[in-house]
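The values are calculated or read from the model by the stated rules, or taken from the named source; none is laboratory data. Note that the coordinates shown come from a computational prediction; the quantities given were computed from them, not determined experimentally. All Cβ positions, glycine included, derive from the backbone under ideal geometry; neighbour counts span all protein chains shown. Each accessible area value is taken on the protein alone, full model and side chains, heavy atoms only, with ligands, DNA and RNA left out. Shrake-Rupley method; radii C 1.70, N 1.55, O 1.52, S 1.80 Å.
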Amino acid sequence: MTSGIPAVPLTGEELTALVDGLAGLPYGGEAVDQRTHALQTAWLARDAGADDELVVAAALHDIGRARPVRAEHPGLPHEVAGAEFARRRVSERAAWVIAQHVPAKRYLMATDPAYHALLSPASIASLKVQGGPMDEREAAEFAAHPLSADAVALRRWDDAAKDPDGPRLTMPDLLAAHARCVAARRT
């Protein structure tokens, strides 16, 4: 499923530069850098059978932390900055899923009793800043959105993508998924 044609679609060269620009950037006290985390999240998405658009969104879910995106959207939380970037350059669906990967953590805390045990100490600490578990009304509103399952899946891949020795999607595979998304939007 692709949604919306961005005004200026992200090119493969720009995608490569963005992802490679994440190399060496710390990932909130985790054992991986931002680039490894992005490519590992994308690998987990592809391994789970996600479509190309969701694989690309998985790779870009934390792109709001990239220097050029932060410069375009100073002061915004990373998920909001990343969503603004994705809305203009990738797709509306990717933007929504990226924006909701933080609320999805709050949703899972409210609805899945086993979820807390899966979180790293850094993720538990950031949850407090992010508002803690959703209340019943918030959880119901989140679950009612037609893309909520995509955001929850992305959240779970995000949580699992913290292994420095874990598998990662290769850049050629990410670029191929991105190219298929761009081609699908043109038809």
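Observations on the model:
- Each residue in the stretch 169-187 was checked for being β-branched (Val, Ile, Thr) and either over 13 Å from ALA59 (Cα atoms) or surrounded by 15 or more Cβ atoms within 10 Å (Cβ to Cβ) (or both), and 2 of them qualify.
- With a requirement of 3 or more residues that are small (Gly, Ala, Ser), in contact (Cβ under 8 Å) with a residue 24 or more places away in the chain and touching a Gly at 6+ places or on another chain (Cβ under 7 Å), none of the helices (runs of 4 or more DSSP H) lying completely within the stretch 1-83 satisfies it.
- Screening the candidates ALA50, ALA17 for the property of being open to solvent by 20 Å² or more (accessible area, probe 1.4 Å), over 21 Å from LYS162 (Cα atoms) and of a type outside the set (S, T, N, Q) yields one hit, ALA17.
- Pick from the stretch 55-78, criterion among the small types (Gly, Ala, Ser) and buried (at least 19 other Cβ atoms within 10 Å of the Cβ), ranking: nearest to ALA94 (Cα to Cα): ALA57
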